[in-house]
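A short write-up of the structure that comes next.
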Amino acid sequence: MDRLKIVFLDAGTMGSTPLTDIEALGDLTTFFSSTAAEARERVRDADVAILNKVIVDKEFLDAAPRLRLICEAGTGINNINVDLCDKRGVAVRNVAGYSTDSVAQTTWMHILNLVGNAFYYDRKVKSGEYSKGSIHTDPENPFTELTGKTLGIVGMGAIGQKVAAIGVQFGMRVIYYSTSGTSHCKDYPSVSADELLSRSDVISINAPYNERTAGLIGYEGFRKMKRTAVLVNTGRGGIAVEEDLARALDEDLIKGAALDVYVKEPIPVDSPLMHLKHPEKIIFSPHIAWTSHEARARLAYEMAENIRKYYITDTLK
């Protein structure tokens, strides 16, 4: 068989992570990013396409007559028309579980920064205000202990369970809302969305974006939350309505929020979240929860394994 022609259409998402395991399987061509038109041109003679956010639709598949395998550089495959790929005889493979630890850690980074007033204290010292003071501490803005507080998790999959286990170590009570409706996790109480919103001191969104979760938390949902509560979303943008979150923060309906994911990425500069009355109430990160060194190395290895298994194992069945 001729050497495989492999194209990675948005390899920029992998940063400097080595792709040597993939390179060993064929002729790999990488592109930092690809528009829809560029993607169609770049897959014309490809056997394997690796992609992260590139849309796979009829036009994409029409432009790739040799294509036999699409490897999603991640877990979610909302960008791929899987049914159409199946009809065309194009296999789709993703990588599940590679970023569980990475996302859970980022979730807790945001939770601890929010409830611990981390950036306030940092600015207090760096600004010189602390140095000019007459006492050794800052009694004006105390942080909040997590022990005895309630952690509400939206989506109790592998990541949600990891986030929950860490919360237990802080002495928190854990409840969750099952976005699938199955309430499969028996370690913690499953509650309705409204009960989770009203009871939780910390809400962590760790769910995929689908018809069950789209717009799950809107303005009325934020009104149900405690004014002392914080919300962290490392799941998917659009589960908490961005415009309503901005309004809730401006109206002091909740204490604060931290976001790693957005409806449109990168987040537009004219987003209401970027123009809050009190910008200190929100913490942003640029969709990096999945990108630890270790997670990206696992992802690269598992993508290579998906290609290897398809051409060595699956095609021989």
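The values are calculated or read from the model by the stated rules, or taken from the named source; none is laboratory data. All figures in this text were calculated on a predicted structure; none of them were measured in a lab. Because the Cβ atoms are built from the backbone with ideal geometry, glycine has one as well, and the counts that use them run over all protein chains shown. Surface areas here come from the heavy atoms of the whole protein model, side chains and all, with no ligands, DNA or RNA. Shrake-Rupley method; radii C 1.70, N 1.55, O 1.52, S 1.80 Å.
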| request: Output the residue which, of all residues in the range 81-98 that are in contact with a Ser or Thr (Cβ under 7 Å, 6 or more places away or on another chain) and of a type outside the set (Val, Ile, Thr), is farthest from Ala295 (Cα to Cα). | output: Asn94
| message | Can you report the number of residues in the range 174-188 which are over 17 Å from Asn233 (Cβ atoms) and touching an Asp or Glu at 6+ places or on another chain (Cβ under 9 Å)? | response | 2
| If you go through the range 268-314 one residue at a time, how many are open to solvent by 30 Å² or more (accessible area, probe 1.4 Å), part of a loop (DSSP other than H, G, I, E, B) and without any contact (Cβ under 8 Å) to a residue 40 or more places away in the chain? | 7
| message | Just to check your reading of the model, which residue among Thr100, Thr137, Thr147 is modelled with pLDDT of 95 or more and surrounded by 14 or more Cβ atoms within 10 Å (Cβ to Cβ)? | response | Thr100
| query | When only residues in the range 61-76 that are assigned to a loop (DSSP other than H, G, I, E, B) and more than 29 Å from Ala297 (Cα to Cα) count, which is least open to solvent (accessible area, probe 1.4 Å)? | reply | Ala63
| field | Residue in the range 178-195 that is in contact with a strand residue (DSSP E or B) (Cβ under 6 Å, 6 or more places away or on another chain), part of a helix (DSSP H, G or I) and over 22 Å from Asn113 (Cβ atoms) present | value | yes
| Can Ser102 be described as farther than 30 Å from Ala229 by Cα, under 27 Å from the mean Cα position of the chain (by Cα) and among the polar types (S, T, N, Q)? | no
| query | How many residues are open to solvent by less than 60 Å² (accessible area, probe 1.4 Å) and either modelled with pLDDT under 95 or assigned to a strand (DSSP E or B) (or both) when one looks only at the range 3-60? | reply | 11
| remark: Pairs returned, first residue in the range 4-27 that is farther than 14 Å from Val48 by Cα, second residue that is among the polar types (S, T, N, Q) and surrounded by 18 or more Cβ atoms within 10 Å (Cβ to Cβ), beta-carbon separation under 8 angstrom, 6 or more apart or interchain, are Thr13/Asn52; Gly15/Thr291
| Considering the range 62-78 alone, what residues qualify as being among the β-branched types (Val, Ile, Thr) and more than 16 Å from Leu9 (Cα to Cα)? | Thr75
| remark: Listed by range, helices (runs of 4 or more DSSP H) wholly within the range 77-133 having at least 3 residues that are basic (Lys, Arg) are 118-126
| said: Going by what's in this entry, would Val163 be described as touching a residue at least 24 places away in the same chain (Cβ under 8 Å), within 17 Å of His110 (Cα to Cα), of a type outside the set (Ser, Thr, Tyr) and in a loop (DSSP other than H, G, I, E, B)? | reply: no
| Does the range 56-66 contain any residue that is free of Cβ contacts under 8 Å to residues at least 24 places away in the same chain and under 27 Å from Ala295 (Cβ atoms)? | no
